[in-house]
Amino acid sequence: MAHEYIPEISTDRDGTEHVVQGWQDDFYGGKLGFWLFMFTEVLMFGAMFLVLTYYKMLHPADFVAASASLNRFLGGTNTVILLVSALTMGLSLLKMRAGDVKGAKLMIWATIILALMFLSIKAVEWTAEYNHGVFLGLDALQSGNPHSKPFGEILFFGMYFTMTGIHGFHIIIGIGLMVWLLKRINAGKVSPEHHILHWNIALYWDIVHLIWVFVFPYFYMIGAASGGTGGH
Amino acid sequence: MSKSYFDETHCAIGHPKSTFMQWMLTVDHKRIGLMYAAVMFTFFFIAVSTALLMRFELFAPGQQFIDGDTFNQAFTLHGVIMIFLFIVPGIPAVFGNIVMPLMIGAKDVSFPRLNWFTFWLYIFGSAIAIASLFTDAGFADTGWTFYAPYSLNTGTNVIFTLVAAFVLGMASILTGLNFLVTIHRLRAPGMTFFKMPLFVWGIYATAWIQLLATPVVGITLILAIMEKYFGIGIFDPSKGGDPVLFEHLFWIYSHPAVYLMILPAFGIMSEIIPVFSRREIFGYRTIALSSASIAGIGYLVWGHHLYTSGMADIAKTVFSLLTFFVAIPTGIKFYDWIATMYKGKIVLSTPMLWAMGTIITFAIGGLTGVTIAMIGVDIHLQDTYYTVAHFHYAMLGGVVFLFFAGMHYWFPLVTGKMYDEPKAKIAFYMQFVGFNLLWFPMFIAGFLGMPRRYFDYLPEFQIYHQFSFFGALLFVAGLVFMFWVFYKGWTKGEKVGPNPWHATTLEWHMPTSPPPLENHSKVPYVDFDPYEYHHGEPVVKFDYETMRRID
Ligand code: HEM
Ligand SMILES: [Cu+2]
């Protein structure tokens with residue numbers, strides 16, 4: 001449908017013709033729309049960082065202590081994985097624009113695999129934390145029992161599981177989007193001439209990794225000085 | 001006979017044969033707007049019925065028909081429907097969809113499929129909210145504000161309502177996004193930002209609020225859900241959390257949201273006033289820019305809801321000062337509208353009556369708002385009926401009245417027919433008188449100390465509640481009558497041409513009435529201002545086939 005679209009012409013009083021921008025085939029509009037959508041993601045995480053900062057101000061020592069118990073080795077590995085995946089995603093877009101559809105698909109596959117690795121490491125991390133009794137709903141994060149952690153640590157872990165959880169959810173969505181993108185490429189709907197979908201999913205992936213770039217130091221690094229690399 | 005958008009449509013998936021499926025799958029902005037209207041007004045009537053139930057209960061002190069817990073659920077249901085299901089999607093979803101693309105000479109919005117998806121997201125969210133009525137725990141009883149820690153402890157079904165509000169927020173974001181891109185990309189050639197009709201300006205400012213404020217409430221609702229299910233602690237004082245933080249996060253969205261409601265309504269006002277004064281609008285730029293500055297300042301004033309919640313005195317003072325500033329651009333608009341009417345050839349048709357009525361009711365709503373922006377006064381009036389009367393004057397007497405004004409104004413555009421003017425005027429007077437009788441006494445009752453959200457009261461307040469009760473009856477009678485007039489107009493009304501009001505903006509220059517599927521026959525070149533009148537007659541005339549100017 002989009003391919004045979006011919007824009008309309010509007011004529012002013014002097015007879016000069018002006019090309020009308022239709023909603024069809026509006027590459028710039030598609031990009032603008034997705035940028036705006038990503039802006040809402042930034043605001044969502046921004047609000048959560050605000051909450052986090054507020055509680056860190058109230059309980060600085062507890063926050064550092066809680067952060068020290070996180071596993072910086074696994075968290076750091078995941079950071080590297082995500083950064084590399086941003087590279088492969090970017091390469092896939094470059095290849096698509098250069099006309100190398102096969103190479104683009106290969107790079108998307110690489111991104112998907114890296115994303116799955118990220119999730120697996122995350123699962124290992126969460127499981128270890130669960131086994132140490134630190135997880136949402138467990139005694140340590142409830143108030144008023146012998147295992148209860150201090151307020152600041154409860155709040156830290158509450159936000160830690162919430163934010164990394166929501167971030168992980170975005171990774172899962174991202175994998176879904178990339179699989180869909182591959183299908184569209186195979187169906188010929190996304191091609192070097194029409195790659196707005198590819199462009200936007202690459203942008204999505206960039207935001208997802210960018211958010212992690214803030215999540216990682218905020219949770220893992222503030223306690224690095226006292227916690228070593230291993231954490232739990 | 002030429003075909004209108006009622007006869008043919010584009011669909012999101014395939015081309016189904018049945019008319020019903022064509023409506024369900026339609027991507028046409030005009031049809032989507034109409035479907036929003038149908039669903040939203042259904043909910044509106046449910047919420048009005050709930051309000052009537054509350055007014056019956058409040059007719060006398062003590063318990064009449066419902067107990068206190070049911071009353072709590074009643075005002076929550078009323079508030080949640082009115083806010084999240086009715087007035088937040090509100091004017092943008094209906095007239096932003098139907099009229100805005102026509103006004104800028106576009107064939108549709110930028111993402112028609114997304115628009116279709118958004119509509120169904122809205123339906124999905126609404127269904128979740130309504131579904132909680134039928135669960136065992138029953139509808140939430142927290143008030144529409146879900147304040148922690150009560151919302152975390154109550155046994156009623158708050159989760160459904162929170163999820164629903166989140167989904168509806170998503171729909172609102174997507175609508176705003178779609179309109180922003182549409183307004184940036186699809187204006188007809190020649191139409192600069194300062195040649196756009198003022199309604200488009202209103203939608204534009206609103207779309208930014210939808211986009212920038214809604215995510216904050218979205219995440220707040222998610223955090224509240226996490227708190228309720230997993231006890232993450234951030235709003236729970238027993239774990240060191242701060243419930244006031246919830247109030248901040250909630251109002252960071254919900255205050256800008258009131259401008260998200262009123263700005264498109266002001267846009268409707270700015271369309272109606274010049275057309276029925278047959279005069280170019282006074283101060284076009286100041287109106288356009290005041291919309292933008294209201295949207296901007298509106299972000300910085302949320303703290304005026306927290307004067308009694310525990311906040312530093314310096315913060316209170318700053319929030320109070322900033323709140324006063326919002327009154328300035330609003331005052332400018334009022335000044336411009338009245339100046340437009342001055343020496344105009346005023347035509348008192350129903351849309352104009354509604355607009356002029358709103359000038360009175362919204363002025364009351366707005367000025368009483370300034371009174372409770374003052375910290376000292378608000379300490380006394382917070383959570384009394386004074387505040388409830390204030391926001392009903394602003395939302396019902398402002399937004400909803402202008403919504404009705406727009407419904408009369410664009411009725412011939414949407415249906416191609418005309419309603420019965422004399423009857424519509426009677427409906428207006430019934431509602432105008434009924435509304436004031438309904439809410440004005442509540443200012444006094446609130447000032448004297450009648451608290452909000454109570455099903456019982458001291459005998460001394462009875463007289464005010466009884467006035468209010470009869471006002472409510474008159475108002476609702478007028479409301480039903482108005483919809484009956486619309487119904488008759490649509491089924492039996494006289495056919496009218498494309499431009500019955502002698503209006504100037506592009507939505508009135510359609511080749512057929514009602515408009516065809518893809519709007520204007522050709523996209524016009526816009527080298528004129530939106531409201532050009534000369535001696536009471538529109539200046540710009542078009543040949544509706546070629547859409548070239550013939551004046
Ligand atoms: C049909 C006319 C209406 C009547 C008779 C009415 C009546 C009421 C009543 C009796 C209350 C409860 C006050 C209390 O006990 O604190 C209330 C609350 C409220 N109304 Fe209305 N109302 C009407 C229309 C509207 C409209 C059009 C809106 C908004 C678009 C609206 C928004 C609200 C909100 C947000 C609340 C507060 C709910 C809460 O406390 O959580 N109402 N209304
Ligand atoms: Cu406010």
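The values are calculated or read from the model by the stated rules, or taken from the named source; none is laboratory data. From a predicted model like this one, the values you see are computed outputs, not experimental measurements. Note that we place each Cβ from the backbone using ideal geometry, even for glycine, and neighbour counts take in every protein chain shown.
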Of all the residues that make up the range A:12-44, how many are in contact with a Ser or Thr (Cβ under 8 Å, 6 or more places away or on another chain) and of a type in the set (S, T, N, Q)?
-> 1
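Select from the range A:179-203 the residues that are surrounded by 19 or more Cβ atoms within 10 Å (Cβ to Cβ) and either assigned to a helix (DSSP H, G or I) or of a type outside the set (Val, Ile, Thr) (or both) and list them in ascending order.
To start, the set of residues in the range A:179-203 that are surrounded by 19 or more Cβ atoms within 10 Å (Cβ to Cβ) comprises A:181, A:185, A:190, A:195, A:198, A:200-202.
Of everything in the range A:179-203, those that are surrounded by 19 or more Cβ atoms within 10 Å (Cβ to Cβ) and either assigned to a helix (DSSP H, G or I) or of a type outside the set (Val, Ile, Thr) (or both) turn out to be A:Leu181, A:Ile185, A:His195, A:His198, A:Asn200, A:Ile201, A:Ala202.
On the given criteria, is A:Leu70 within 14 Å of another protein chain (Cβ to nearest Cβ) and of a type in the set (A, V, I, L, M)? Let's see the steps before the verdict.
Values: within 14 Å of another protein chain (Cβ to nearest Cβ): no; of a type in the set (A, V, I, L, M): yes.
It is false that A:Leu70 is within 14 Å of another protein chain (Cβ to nearest Cβ) and of a type in the set (A, V, I, L, M).
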Taking only the range B:43-89 into account, find how many residues are within 16 Å of ligand 2 (Cβ to nearest atom), part of a helix (DSSP H, G or I) and of a type in the set (Val, Ile, Thr).
-> 2
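A quick yes/no check of all residues on (1) in contact (Cβ under 8 Å) with a residue 12 or more places away in the chain; (2) away from chain A (no Cβ under 14 Å); (3) among the aliphatic types (A, V, I, L, M):
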residue	(1), (2), (3)
B:Pro112	yes, no, no
B:Asn115	yes, no, no
B:Ile123	yes, yes, yes
B:Ser132	yes, yes, no
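Out of B:Phe235, B:Phe250, B:Phe246, report the one residue that is more than 21 Å from the chain's Cα centre (by Cα), within 16 Å of ligand 1 (Cβ to nearest atom) and within 13 Å of another protein chain (Cβ to nearest Cβ).
Values: B:Phe235 fails: within 16 Å of ligand 1 (Cβ to nearest atom); B:Phe250 fails: more than 21 Å from the chain's Cα centre (by Cα).
One residue alone meets the criteria, B:Phe246.
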Write out, first by first residue and then by second, each pair whose Cβ atoms fall under 7 Å of each other, whose residues are 6+ apart or on separate chains, and whose first residue, in the range A:143-154, is more than 7 Å from chain B (Cβ to nearest Cβ) and without any contact (Cβ under 8 Å) to a residue 60 or more places away in the chain while the second is assigned to a loop (DSSP other than H, G, I, E, B) and not aromatic (Phe, Trp, Tyr).
-> A:His147/A:Gly133; A:Ser148/A:Gln142
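Take B:Ser309 and decide whether it is in contact with a helix residue (DSSP H, G or I) (Cβ under 9 Å, 6 or more places away or on another chain), assigned to a helix (DSSP H, G or I) and away from ligand 2 (no atom under 12 Å from the Cβ). Let's see the steps before the verdict.
Working: in contact with a helix residue (DSSP H, G or I) (Cβ under 9 Å, 6 or more places away or on another chain): yes; assigned to a helix (DSSP H, G or I): no; away from ligand 2 (no atom under 12 Å from the Cβ): yes.
Judged against the criteria, B:Ser309 is not a match.
Just to be sure before I move on: is A:Phe118 part of a helix (DSSP H, G or I), away from chain B (no Cβ under 14 Å) and under 17 Å from A:Tyr220 (Cα atoms) in the structure I sent?
On the way: part of a helix (DSSP H, G or I): yes; away from chain B (no Cβ under 14 Å): yes; under 17 Å from A:Tyr220 (Cα atoms): yes.
The answer is yes for A:Phe118.
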Any chance the range B:335-348 includes a residue that's assigned to a helix (DSSP H, G or I) and either within 16 Å of ligand 2 (Cβ to nearest atom) or within 19 Å of the chain's Cα centre (by Cα) (or both)?
-> no
Out of curiosity, is B:Gly202 within 11 Å of another protein chain (Cβ to nearest Cβ) and away from ligand 1 (no atom under 16 Å from the Cβ)?
-> no
Go through the range B:460-491 and give me each residue that's surrounded by fewer than 17 Cβ atoms within 10 Å (Cβ to Cβ) and touching an Asp or Glu at 6+ places or on another chain (Cβ under 9 Å).
-> B:Lys488
Single residue of B:Ser270, B:Ser291, B:Ser238 found to be touching a Phe, Trp or Tyr at 6+ places or on another chain (Cβ under 6 Å) and of a type in the set (Ser, Thr, Tyr) | B:Ser291
Under 7 Å by Cβ, and 6 or more places apart or on different chains, what pairs join a residue from the range B:229-249 that is surrounded by 20 or more Cβ atoms within 10 Å (Cβ to Cβ) with one that is at pLDDT below 90 and of a type in the set (Ser, Thr, Tyr)?
-> B:Lys239/A:Ser143
Selection count, the range B:129-175, where residues are within 16 Å of ligand 1 (Cβ to nearest atom) and of a type in the set (D, E, K, R) | 1
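Answer yes or no: is there a residue in the range B:485-494 that is within 14 Å of chain A (Cβ to nearest Cβ) and more than 19 Å from B:Lys30 (Cα to Cα).
There is no residue in the range B:485-494 that is within 14 Å of chain A (Cβ to nearest Cβ) and more than 19 Å from B:Lys30 (Cα to Cα).
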Does A:Tyr130 satisfy the condition of being at pLDDT 90 or above, in a helix (DSSP H, G or I) and within 16 Å of A:Phe216 (Cα to Cα)?
-> no
Report the residue count in the range B:279-300 for those that are within 16 Å of ligand 2 (Cβ to nearest atom) and touching a residue at least 60 places away in the same chain (Cβ under 8 Å).
-> 4
Here the residues within the range B:48-87 that are more than 7 Å from ligand 1 (Cβ to nearest atom), within 17 Å of B:Leu479 (Cβ to Cβ) and among the aliphatic types (A, V, I, L, M) are B:Leu53, B:Ile81
Considering (1) outside any helix (DSSP H, G or I); (2) surrounded by 15 or more Cβ atoms within 10 Å (Cβ to Cβ); (3) at the interface with another protein chain (Cβ under 7 Å from one of its Cβ atoms); (4) in contact with a Phe, Trp or Tyr (Cβ under 8 Å, 6 or more places away or on another chain), say which one A:Arg13 fails and leave the rest.
-> (2)
Here are some residues: B:Ile297, B:Ile262, B:Ile272. Which one is crowded, with 23+ Cβ neighbours inside 10 Å, away from ligand 1 (no atom under 16 Å from the Cβ) and in a helix (DSSP H, G or I)?
-> B:Ile272
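Can you tell me which residue among B:Phe447, B:Phe475, B:Phe443 is closer than 23 Å to B:Ala363 by Cα, touching a residue at least 24 places away in the same chain (Cβ under 8 Å) and either among the hydroxyl-bearing types (Ser, Thr, Tyr) or in contact with a Leu (Cβ under 6 Å, 6 or more places away or on another chain) (or both)? Break it down stepwise before answering.
On the way: B:Phe447 fails: either among the hydroxyl-bearing types (Ser, Thr, Tyr) or in contact with a Leu (Cβ under 6 Å, 6 or more places away or on another chain) (or both); B:Phe443 fails: either among the hydroxyl-bearing types (Ser, Thr, Tyr) or in contact with a Leu (Cβ under 6 Å, 6 or more places away or on another chain) (or both).
Exactly one of B:Phe447, B:Phe475, B:Phe443 is closer than 23 Å to B:Ala363 by Cα, touching a residue at least 24 places away in the same chain (Cβ under 8 Å) and either among the hydroxyl-bearing types (Ser, Thr, Tyr) or in contact with a Leu (Cβ under 6 Å, 6 or more places away or on another chain) (or both), namely B:Phe475.
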Across the range A:155-170, what is the number of residues that are at the interface with chain B (Cβ under 10 Å from one of its Cβ atoms), out of contact with any helix residue (DSSP H, G or I) (no Cβ under 7 Å at 6 or more places or on another chain) and farther than 15 Å from A:Gly133 by Cα?
-> 2
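Can you give me the ranges of the helices (runs of 4 or more DSSP H) entirely in the range B:370-432 with at least 1 residues that are among the aromatic types (Phe, Trp, Tyr) and at pLDDT 95 or above?
Values: elements: B:375-381, B:385-394, B:401-415.
The helices (runs of 4 or more DSSP H) meeting that bar are B:385-394, B:401-415.
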